[in-house]
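See structure below.
The values are calculated or read from the model by the stated rules, or taken from the named source; none is laboratory data. Fair warning: this is a prediction, and the values are worked out from it, not measured in the lab. We place every Cβ from the backbone using ideal geometry, glycine too, and count neighbours over all the protein chains shown.
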Amino acid sequence: MADAPVVTLDLWFQAGSLCEGDAESGLAHFLEHMVFKGSDGLAPGEFDHRIESVGGFSNAATGYDEVNYHAVLPRDGLALACDLLPRLVLCPSLDAEEFELERQVVLEELAQSEDQPEELAFQRLLELACGAHGYGRAILGQRSRLRAHTPGAMEAFRHRHYRSDRSAVAVAGCFDPDEVLALLDRGPLGRLAPADATDRPHPGRLTLSPGEHRLRLPRLESARLLLLWACPPAAEADALTGHDLMATLLAEGRRSRLVQHLREELDLVESVDVEIHPLEEGSLAVLECITGVEQLPRLRQELDCLLNGLTEGIRQEELQRAHRLLRHGHTFGLEATSQVAHLLGQQTLQGRLAPLDAPLERLEGWTLPRLQALADLWRPERACCLEVLPA
Amino acid sequence: MTRFELLHRPGAPTLAARLVLPLGSRQDPGGAAGRQQLLAGVLTRGCGDLGAEAVADLVENRGAQLRCEAGDDLLVLALRCAGDDADQLLPLLLTMAEAPRLEGAQVERERHLNLQTLQRLQEDPFHRCHERLRRQLYGQGPYGHDPLGVASDLAAISADALSVAARDLPTGDAVLVLAGDPPPGLIEAITTRFAGWRAPSPPGRPLEPPAADPLKTVELDTEQAVVMVGFRTVPLSHPDLLPLRLLQVHLAVGMSSRLFQQLREERGLAYEIGVDLSARQEASPCLWYLSTGAPRLAEAIDALEAEWQRVLTLPLSDDELALARAKLRGQDCLSSETASQRADRLALLLGHGLPADHNERALARLEQLEPEDLRAAANRWLTQPMLSVCGPGRALARVRPLAPAPPR
């Protein structure tokens, strides 16, 4: 990205919460915190101090499938980030005293999220839909398990999963690739060993449990209606594109089917949203309506009717509109180096690096008959449905 | 005179446009909190020859994004579209301000949605704590409420009142910024039309004085308590905003920041911790906040109080100041990476009546500021803390106001 004044370095590992064994609940995310608490040759806080001294910042995120660590800096800062970030991530000290302090921080993070009723509702939906599968377990972990974790167990987890064949590096901005590769190779990334065959987790495909559920939550002000469907795994990018189109056609913009009918015509919802979460073992499509308690029964009827109605015919204009929205959304979403590095890092990690315009080509392949054939998969009875009401 | 700026990027495939009007929620009349946001929302629901559905079709069929929002000072219309669609979509921005239709049914729909959102936001402890603090700092007047408004006021705003407010929209104080490569003919048509906006915008309503009581609590059955400390500081054009900005960066920007290090890394008191200084036309609010487990509430308040007193009494070290300067320069660079960010930034500066090179001037001034200048600014503006705490009753019972500022 020749004109970019900003550069992003993004490190990825297949070490998300899905890799956790039963006793390891919350460990992937806790480790992501501990990484910033000192490493071989870097005192606690030194990394942040040095990155921020050149005007950059860093952050990290733990998902179900993967964890990533990134630094975003003015472009002259890249060499510094290439030196420090791999050392930070790959050689953490996991000091016992720091471990205790950070455990408190993680417990506060959990408490903060549990004070948001919407978070509780979403987590409950995942539990109900995914059952014992890892996607049904909270990334932040269970409180009792978090209290029991030790630096030793964390190091064992790190050692199993932070491996060369389960990692990826992405850099976006204006730089000399050979120089950057040489820099990275000289550090701990160059010495990182591949995983032992026995350490590869086999989480297995997600089997979704459809059903009807109800939850009452204190401090809830608006009711929620949540539906969750199973979608193809992230590796089936083309199939997933079809579901992206369906989600867009259903709920992106005022003229989408659900927003138009449920909000603009019937005044039944404050908002309705459909999102596809691409995941390795089976993606998720989540529909969320925010509504009034007394409107919920009627909303349920109308929504079922609209979802079933998909099988009766999707119009060419609807498909075209969804096409455009996704196409432009993709273009708008690749302006910043952090966005490009994120996309490339994740694709590389999962072994499916593709040209940046590949999503646009996939879109072109989705004709009306193909999309129409997906409609049956979006029937309400295929979903795990949760009605959330104030206690 | 309206102000038009083009950030020309030859060959750019997309166009970002920002139309900024000095008509934010500060213009909400007494008893009509939420009027400007309601107006902003209704602008997207029909203008000129186009009804609500036709506007949505025009925008969405081209895969464009349009939003319209009232902030505290400014009302912002933002458009992002493919460059090829600019001919169709850019004129719409001006029509929305010149000829909004404000149809009764659309006003009612938007009002209903805003009322629902206000109710739902009550679920969020941070929002509850913030709303309480706003009232302490600014009373019932401007800045005293979320731009969405206050439910009882919002319910009572008449369609006529909205029509009257809409007359102010095509104002000579408007700013339009484009980033991209729009065709020259389109620019000419737009600028000619835009130049016809001449009416002065109404003066901003004066602020109310702060409340007398420096402590308010909101009881909620939550695990954590949210603590917010707020100060009324300077208008964004005031020279003290820069030293205050440096203090904010020092305290809470990045993981190397003082509060993050002292309260989170050293003591494990909180996950989220921050200081906001949102630049406003008048008395910008400076908010310090965190959330912590209810049993540690007193410890957290004591720690915040100690950090606040430290800012008043102890100048930053040379290293701390150098780090804060570097972070501020970095923020400037990182926040102007994309065309949309640059359009946004320029439009907000000009919309606030600041010169286009305001940020460059501020960065040039950075080197001249000494630790003592920051301490002096803190002693001018951060001496009257307001405390708002939200959480379970048993924890709130023991909360006391912060100690008075130490004498200089």
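Residues in region A:1-17 that are outside any strand (DSSP E or B) and over 19 Å from the mean Cα position of the chain (by Cα): A:Met1, A:Ala2, A:Asp3, A:Ala4, A:Pro5.
Take the residues in region A:126-138 that are assigned to a loop (DSSP other than H, G, I, E, B), over 12 Å from A:Leu27 (Cβ atoms) and touching a residue at least 60 places away in the same chain (Cβ under 8 Å); name whichever of them is farthest from the chain's Cα centre (by Cα). Checked region A:126-138; the qualifying residue farthest from the chain's Cα centre (by Cα) is A:Gly131. Scanning region A:1-18 for residues that are among the hydrophobic types (A, V, I, L, M, F, W, C) and at pLDDT below 95 yields A:Met1, A:Ala2, A:Ala4. Right, A:Ala71: part of a strand (DSSP E or B), touching a helix residue (DSSP H, G or I) at 6+ places or on another chain (Cβ under 7 Å), within 14 Å of another protein chain (Cβ to nearest Cβ) and surrounded by 19 or more Cβ atoms within 10 Å (Cβ to Cβ) or not? Yes, satisfied.
Yes/no per residue for (1) in contact with a Lys or Arg (Cβ under 6 Å, 6 or more places away or on another chain); (2) within 14 Å of chain B (Cβ to nearest Cβ); (3) not in a helix (DSSP H, G or I):
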position	(1), (2), (3)
A:Leu107	no, yes, no
A:Ser113	no, yes, no
A:Leu120	no, yes, no
A:Leu140	no, yes, yes
A:Leu146	no, yes, no
A:Phe157	no, no, no
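Take B:His130 and decide whether it is surrounded by 20 or more Cβ atoms within 10 Å (Cβ to Cβ), in a helix (DSSP H, G or I) and modelled with pLDDT of 95 or more. For B:His130, the condition - surrounded by 20 or more Cβ atoms within 10 Å (Cβ to Cβ), in a helix (DSSP H, G or I) and modelled with pLDDT of 95 or more - is met. Out of A:Ala235, A:Ala223, A:Ala170, one residue alone is in the same structural domain as A:Leu284 (by TED's automatic domain parsing), modelled with pLDDT of 95 or more and surrounded by 18 or more Cβ atoms within 10 Å (Cβ to Cβ). It is A:Ala223.
The set of residues in region A:251-307 being among the basic types (Lys, Arg), assigned to a helix (DSSP H, G or I) and surrounded by fewer than 22 Cβ atoms within 10 Å (Cβ to Cβ) consists of A:Arg257, A:Arg298, A:Arg300. Scanning region B:254-292 for residues that are hydrophobic (A, V, I, L, M, F, W, C), within 14 Å of chain A (Cβ to nearest Cβ) and within 22 Å of the chain's Cα centre (by Cα) yields B:Ile273, B:Leu290.
The residues in region A:77-100 that are in contact with a Pro (Cβ under 7 Å, 6 or more places away or on another chain), crowded, with 23+ Cβ neighbours inside 10 Å and within 13 Å of another protein chain (Cβ to nearest Cβ) can be counted, and the count is 0.
Restricting B:Ala16, B:Ala86 to those that are within 23 Å of B:Gly351 (Cβ to Cβ), within 14 Å of chain A (Cβ to nearest Cβ) and over 21 Å from the mean Cα position of the chain (by Cα) reduces the list to B:Ala86.
Within this structure, A:Pro232 fails the test of being within 14 Å of another protein chain (Cβ to nearest Cβ) and not aromatic (Phe, Trp, Tyr). Scanning region A:200-220 for residues that are among the charged types (D, E, K, R) and exposed (fewer than 14 other Cβ atoms within 10 Å of the Cβ) turns up A:Arg205, A:Glu212, A:Arg214, A:Arg216.
Residues that are free of Cβ contacts under 8 Å to residues at least 12 places away in the same chain and crowded, with 17+ Cβ neighbours inside 10 Å within region B:311-332 comprise B:Ala326, B:Gly330, listed in sequence order. In the set (1) over 23 Å from the mean Cα position of the chain (by Cα); (2) in a loop (DSSP other than H, G, I, E, B), B:Arg310 fails one condition alone, (2). Among the criteria (1) more than 9 Å from chain A (Cβ to nearest Cβ); (2) more than 30 Å from B:Pro10 (Cβ to Cβ); (3) not aromatic (Phe, Trp, Tyr), the one B:Leu113 does not fulfil is (1). Applying the criterion of being part of a helix (DSSP H, G or I) and among the basic types (Lys, Arg) to the residues of region A:334-391, the residue that is surrounded by the most Cβ atoms within 10 Å (Cβ to Cβ) is A:Arg362. For A:Arg103, the conditions (1) in contact (Cβ under 8 Å) with a residue 60 or more places away in the chain; (2) more than 8 Å from chain B (Cβ to nearest Cβ); (3) of a type in the set (Lys, Arg); (4) more than 22 Å from A:Ser167 (Cβ to Cβ) all hold with the exception of (2).
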